[in-house]
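Everything below concerns the one structure shown next.
Any read-out appearing in this document is the output of simple, stated calculations on the displayed coordinates, not a laboratory observation. Being a predicted model, the structure only gives us computed values, none of them experimental. Using ideal geometry, Cβ is built from the backbone for each residue, glycine included, and neighbour counts are taken over all protein chains shown.
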């Protein structure tokens, strides 16, 4: 029996489509962050000893911060704010990358899992850089041209 409200075009699923890619979820950067968070929560954190509270907390906080700051920036309403939160998110991802490197060096996760995480983090950091650059370009291109009276004056010839 199907859940009420999910059949046909009605219900939440019908509105969003099968892949739920809307708003921030359609962004490749967010999709990568979502994969990273799943990797951290499903595969990495379960390999850490329960008594490593500080390490587990730092990994959980930096991972959550990377995702949350991306979403907060996406819905901020201005390109300037979006860029600011992208930088926060990027820094949190870089911090997470370092914590996961440490867990690998301490022998809590195997090399293949660390490589899988690190490859995804590197690709996502690259995408962050591309997105930030693109938004800076968009922001600078949207500025109005100076009026002729506001244009810089030519230096006077000698």
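Each Cα pair under 8 Å and six or more residues apart adds its sequence gap; the mean of these over the residue count of segment 42-140 is a relative contact order of 30 percent.
Here the calculated FRET efficiency for residue 75 and residue 119, from their Cβ-Cβ distance with R0 = 35 Å, stands at 0.75, rounded to the nearest 0.05. Label point of residue 47 set 7 angstrom out along Cα-Cβ; within segment 67-103, amide nitrogens under 19 Å from it belong to 94-103.
Length gained on full extension, residue 58 to residue 26, computed as 0.36 nm times the residue gap minus the Cα-Cα distance: 8.7 nm. Across segment 81-119, the residues whose backbone nitrogen lies under 19 Å from the label position 7 Å along the beta-carbon direction of residue 38 are 113-119.
FRET efficiency for the residue 111 to residue 88 pair, using the beta carbon distance and R₀ = 35 Å, is estimated at 0.70.
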